[in-house]
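What follows is a single structure, written as structure tokens, with notes after it.
The values are calculated or read from the model by the stated rules, or taken from the named source; none is laboratory data. Keep in mind it's a predicted model, so treat the numbers as computed, not measured. Methodologically, a virtual Cβ is constructed for each residue, glycine included, from the backbone with ideal geometry; neighbour enumeration extends over all protein chains shown. Calculation scope for accessible area: heavy atoms of the full protein, side chains included, ligands and nucleic acids excluded. Shrake-Rupley method; radii C 1.70, N 1.55, O 1.52, S 1.80 Å.
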Amino acid sequence: MEPNLMKLDSVEVDEFVVYDAALSELEVGVLAADTAAAASGLIQIAPVGSTSTSGDPNLERKLRQYYVTRVDPRYQRVFEELTRLRGEENEIMTRQPEVMVMEDLPDPRPTFVLDRGAYDAPTDRVEPDAPASLMDFGEARPRDRRGLASWLTDPGHPLTARVAVNRLWQQFFGRGLVATPDDFGNQGARPSHPELLDWLAIEFIDSGWDVKGLQKQIVMTDAYRRSSIVDPSVRERDPDNVLMARGPSYRLTAEQIRDNVLAASGLLDRTIGGPPVKPYQPAGLWKELATRNATEYVQ
């Protein structure tokens, strides 16, 4: 082995050696020791039963480690088997899906009202809380995400269940009892049937937030089971079917059309998990898009 001197900025490497196995602590010590000291006998094994270890209280442990890793033939077989099992464990763990979980800081970061939204212009300091006009947050709840979830799902909360019920109603009728599902505030639309919305929300809470039970209630109503064929005069008086004089008639979303086609053709897989399903597509469907992208790239 010839010394090879390399200089990297202020770091100098005198010798660089690669070994085909992990060195024991004893070997590392011998290699790191002075050559003359190693030649004159760095290790002196004490007689059996003696407590002397030539000044090194860990010599016996180092010798045992050296023997196991370098001499004992059983160690290599066991180590190879352990390495194989650990590799299998790594493959199993790698295939497991991971979910990022947010965690609150031990000491919450101070939050301020920003002047005209400028991040470098803080004004009044604010603390976590909820609109008192809806429901008092309460002192027992922690001022964090867990407390907010508890506040939102409290049976006395006037908004969460109504919003959820309205969105499910919209999925079945094409229009919610509140026509603005994203806005239940002052600028949103008033409920067309406020008593019905309140009753469904209370039933939803009392059922333990049973979504399937709520869907069953909706599809079994007389309003949902009515025919979508209606007299033109009725359609003229109520084009949006606010009064629910006829059955729902509205355009399906792209995902609903896809699922209906897959279900009708017997290709819809109702099991959870597995690879994604790609529906049939006409030949050359993406040709125009590919051509336009290529033209834009050239330009």
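Do any helices (runs of 4 or more DSSP H) entirely within region 195-284 hold 1 or more residues that are among the hydroxyl-bearing types (Ser, Thr, Tyr), and if so, which?
232-237
Of everything in region 101-131, what is in contact with a Phe, Trp or Tyr (Cβ under 9 Å, 6 or more places away or on another chain) and either polar (S, T, N, Q) or in a strand (DSSP E or B) (or both)? Give them in sequence order.
Selection gives PRO122, THR123, ASP124, ARG125, VAL126.
What number of residues in region 130-181 are among the charged types (D, E, K, R) and within 21 Å of LEU252 (Cβ to Cβ)?
Here the count works out to 2.
Name the helices (runs of 4 or more DSSP H) wholly inside region 1-94 in which the number of residues that are under 47 Å from the mean Cα position of the chain (by Cα), modelled with pLDDT of 75 or more and not aliphatic (A, V, I, L, M) is 2 or more.
25-32, 59-70
Within region 144-161, identify whether any single residue is at negative phi, among the small types (Gly, Ala, Ser) and outside any helix (DSSP H, G or I), and answer yes or no.
Checked against the condition, which is being at negative phi, among the small types (Gly, Ala, Ser) and outside any helix (DSSP H, G or I), region 144-161 yields at least one hit.
Take region 134-177 and flag every residue that is in contact (Cβ under 8 Å) with a residue 60 or more places away in the chain and either surrounded by fewer than 15 Cβ atoms within 10 Å (Cβ to Cβ) or more than 30 Å from ASP222 (Cβ to Cβ) (or both).
Listed by number, the list holds a single entry, GLY174.
May I ask you to verify whether GLN187 is within 19 Å of VAL211 (Cα to Cα) and either at pLDDT below 95 or touching a Cys at 6+ places or on another chain (Cβ under 6 Å) (or both)?
It is false that GLN187 is within 19 Å of VAL211 (Cα to Cα) and either at pLDDT below 95 or touching a Cys at 6+ places or on another chain (Cβ under 6 Å) (or both).
Which one is least open to solvent (accessible area, probe 1.4 Å), of the residues in region 99-118 that are more than 29 Å from the chain's Cα centre (by Cα) and of a type in the set (D, E, K, R)?
ASP115
Let me spell it out: the conditions are (1) within 28 Å of the chain's Cα centre (by Cα); (2) modelled with pLDDT of 90 or more; (3) outside any loop (DSSP other than H, G, I, E, B), and TRP169 meets all of them except one. Which number is the exception?
Single failed check for TRP169: (1).
Name the single residue, out of those in region 198-235 being within 22 Å of TYR250 (Cβ to Cβ) and in contact with a Gly (Cβ under 9 Å, 6 or more places away or on another chain), that is most open to solvent (accessible area, probe 1.4 Å).
Per the criteria, the residue is ARG225.
I'm trying to understand the selection: among the residues of region 237-264, which are open to solvent by 70 Å² or more (accessible area, probe 1.4 Å) and over 30 Å from LEU197 (Cβ atoms)?
If the condition is that a residue be open to solvent by 70 Å² or more (accessible area, probe 1.4 Å) and over 30 Å from LEU197 (Cβ atoms), then ARG258, VAL261, ALA264 are the ones that fit.
Of (1) in a loop (DSSP other than H, G, I, E, B); (2) modelled with pLDDT under 90, ASP136 satisfies all except one. Which?
Single failed check for ASP136: (2).
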